[in-house]
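Student: This structure is in C-alpha cells; I'll ask about it shortly.
The values are calculated or read from the model by the stated rules, or taken from the named source; none is laboratory data. Nothing here was measured: the structure is a model prediction, and the numbers come from that model. Cβ atoms come from the backbone with ideal geometry, glycine included; neighbour counts cover every protein chain shown.
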Amino acid sequence: MPASTNSAGPSAAKTDLQGLELAEHHFGPLLHPIRATQNAWTNYSINRLHTNQKYHTAVSVSRKGFEHGSEDGSEQYAYDKCSNEAWLFDSVKACVSQIEDEMDIENGILQKCITFLWNDTVLDDEEPRSTDHIVRIYSPTTPMYIDVHLKHHRRSRRSEVEWQYSLGYKIQRRPSAMADNAVTIKKELKMGGPPHVYAYNGWQTLCWGCYDECDWNYGERWHRIECGRVELHEEEVIDVHEALFGELEKPAETDSEAMLAYQRSLVRGIRLLLAAVGISYDVACTDDESDDRPYELMLEGLSDKWVARGIRNTCGLRLTRDAEEEREGAKERREEAKGDDDERDYDSDY
C-alpha cells in the first residue's frame, strides 16, 4: 500500500496551540476527552499529524469518483474498486461505521481515528485469500493509540482447506512526537505459527486459529482439525477500553442493568479492534441475542463460535447457552480428530 504523498511536512504540526487544544483543533470533535498533561496531548497530536501525512486514514481514502475533502492532516487517496486495497478500505470503514451507529455517535468520529500502516492483501475473486495488515486506532478520548495486526490465510484446495490466522494488538500509552515507521513495527512481530506471533515487544494476542497441518492430515485423508484460542484476560480488556475510551467505573454487582452496560462497553472495545482490521463480529451479551460471526475472514474453523464466547466470558458475561455450546464444540473437535485417527489406523493395516 503506498504511503500518503501529502506535501505538508512536519511544520504542519507547528502551531501556537498546545495540549488538548491542539488535538481538538486538528482532530475534533473528540469524544469526551480525558484530563492529561499538556505534553501528553501535544505529543499525541504531533504523532497523529505526522503519521497521517505519511499514511492513509479511513476518511482520506475513497473509491475513484467518490473523492471528498479531508481535515485530518492526510491527503486524499482515491483507489480503484477492483484493487487489493479496496477490500481492506471498504471493510474497515463499514465495520467501524457499525460501531459508531451502536454508540449513537456522529458518523466518522471513529473512522477518522483509523490509520492504515501496512497492507499486503491478495484477493481470490473479490474475497481475501491472504492478508497481512497493521492498522492504528488513535483514541478519540485519550492521548494514546492501539496498533492492531491481522495475518489471515484461507484457501480451498481439491481435498482440503488451508486456514490460519493470528490477531494481536499493542497499546501505546505515551506516544512520542514522531511518526512511526510501519516496517519497524512489522519487525516487532515474530515469524512463526499463529500462537507465537505476539511473543515480544509489548504485543498482546487477541485470538488465533488454524487447521492442524500435521504430516498425516492431508489429501483425501484431510479433516478439519481445528486449533485456536482467545488469549484475552479481564485486565487486558479493561486496558483496551481505557486506552480507547477512558476509564470505565465498574458498578455494583447488585445493579444488573448498570453491570450489563459496563460489560457491553468492554465487549465493544474488543469489537472495535476487530472492526479496525475489517472484521465485523456481533457478540451476544444477553440470552435473546445471537453471535453473528464474519464470513470473509473466518475466525473459527468449525460450527462452534468460540471467539464470541471467549470475548464475552472475558468481559464477565456468561450466557445460559455458553456451557452447552462449549461442550458441543469440544465434541465436534474430538469427532473431527477421531475420524482422522480411524483412517490412520486403517492405513496402517495395509
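Student: Which condition breaks for residue 199 when tested against (1) among the hydrophobic types (A, V, I, L, M, F, W, C); (2) closer than 17 Å to residue 311 by Cβ; (3) under 18 Å from the mean Cα position of the chain (by Cα)?
Tutor: (2)
Student: Right, residue 228: on the phi > 0 side of the Ramachandran plot, surrounded by fewer than 18 Cβ atoms within 10 Å (Cβ to Cβ) and not aliphatic (A, V, I, L, M) or not? Spell out how you get there, then give the answer.
Tutor: Numbers: on the phi > 0 side of the Ramachandran plot: yes; surrounded by fewer than 18 Cβ atoms within 10 Å (Cβ to Cβ): no; not aliphatic (A, V, I, L, M): yes.
The answer is no for residue 228.
Student: Which one is modelled with the lowest pLDDT, of the residues in the range 31-58 that are of a type in the set (Gly, Ala, Ser) and in a loop (DSSP other than H, G, I, E, B)?
Tutor: Result: 58.
Student: Please find, among 28, 65, 69, the residue that is at pLDDT below 85, over 20 Å from residue 273 (Cβ atoms) and either out of contact with any strand residue (DSSP E or B) (no Cβ under 9 Å at 6 or more places or on another chain) or of a type in the set (D, E, K, R) (or both). Even if it seems obvious, please write down each step before you answer.
Tutor: Working: 28 fails: at pLDDT below 85; 65 fails: either out of contact with any strand residue (DSSP E or B) (no Cβ under 9 Å at 6 or more places or on another chain) or of a type in the set (D, E, K, R) (or both).
None of the others qualify; the one that does is 69.
Student: So, of the residues in the range 312-335 that are closer than 13 Å to residue 228 by Cβ and crowded, with 18+ Cβ neighbours inside 10 Å, which turns out to be nearest to the chain's Cα centre (by Cα)?
Tutor: The selected residue is 329.
Student: Is there a residue in the range 240-248 that is in contact (Cβ under 8 Å) with a residue 60 or more places away in the chain and surrounded by fewer than 19 Cβ atoms within 10 Å (Cβ to Cβ)? Give the derivation first.
Tutor: If we filter the range 240-248 for residues that are in contact (Cβ under 8 Å) with a residue 60 or more places away in the chain, which is where we start, we get 240, 242-247.
Filter once more, so that each one left must be surrounded by fewer than 19 Cβ atoms within 10 Å (Cβ to Cβ): 246-247.
Yes, there is a match, as at least one residue in the range 240-248 is in contact (Cβ under 8 Å) with a residue 60 or more places away in the chain and surrounded by fewer than 19 Cβ atoms within 10 Å (Cβ to Cβ).
Student: Are any of the residues in the range 162-183 assigned to a helix (DSSP H, G or I) and farther than 23 Å from residue 298 by Cα? I'd like the intermediate steps shown before the answer.
Tutor: At the first step, the residues of the range 162-183 found to be assigned to a helix (DSSP H, G or I) are 182-183.
Retained after the next criterion (residues that are farther than 23 Å from residue 298 by Cα): 182-183.
For the range 162-183, residues assigned to a helix (DSSP H, G or I) and farther than 23 Å from residue 298 by Cα: present.
Student: Within the range 95-118, can one find any residue that is more than 26 Å from residue 23 (Cβ to Cβ) and either out of contact with any strand residue (DSSP E or B) (no Cβ under 6 Å at 6 or more places or on another chain) or modelled with pLDDT of 95 or more (or both)? Write out each step before concluding.
Tutor: So the first thing to find is which residues in the range 95-118 are more than 26 Å from residue 23 (Cβ to Cβ), and the list is none.
There is no residue in the range 95-118 that is more than 26 Å from residue 23 (Cβ to Cβ) and either out of contact with any strand residue (DSSP E or B) (no Cβ under 6 Å at 6 or more places or on another chain) or modelled with pLDDT of 95 or more (or both).
This table checks each residue for (1) among the aliphatic types (A, V, I, L, M); (2) out of contact with any Asp or Glu (no Cβ under 8 Å at 6 or more places or on another chain).
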| position | (1), (2) |
| --- | --- |
| 221 | no, no |
| 235 | no, yes |
| 239 | no, yes |
| 255 | no, yes |
| 259 | yes, no |
| 263 | no, yes |
| 267 | yes, yes |
| 275 | yes, yes |
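Student: Within the range 238-280, track down each residue that is farther than 30 Å from residue 174 by Cβ and not in a helix (DSSP H, G or I).
Tutor: Result: 252, 253, 254, 255, 280.
Student: Restricting attention to the range 124-152, report how many residues are surrounded by 16 or more Cβ atoms within 10 Å (Cβ to Cβ) and assigned to a strand (DSSP E or B). Steps first, answer last, please.
Tutor: Keep residues of the range 124-152 that are surrounded by 16 or more Cβ atoms within 10 Å (Cβ to Cβ), which gives 128, 130-152.
From what is left, the residues that are assigned to a strand (DSSP E or B) are 128, 130-138, 145-152.
Number satisfying all stated conditions: 18.
Student: Right, another one. When you go through (1) closer than 30 Å to residue 30 by Cβ; (2) of a type in the set (Lys, Arg); (3) in contact (Cβ under 8 Å) with a residue 24 or more places away in the chain one by one for residue 229, which number turns out not to apply?
Tutor: (1) is the only condition that residue 229 fails.
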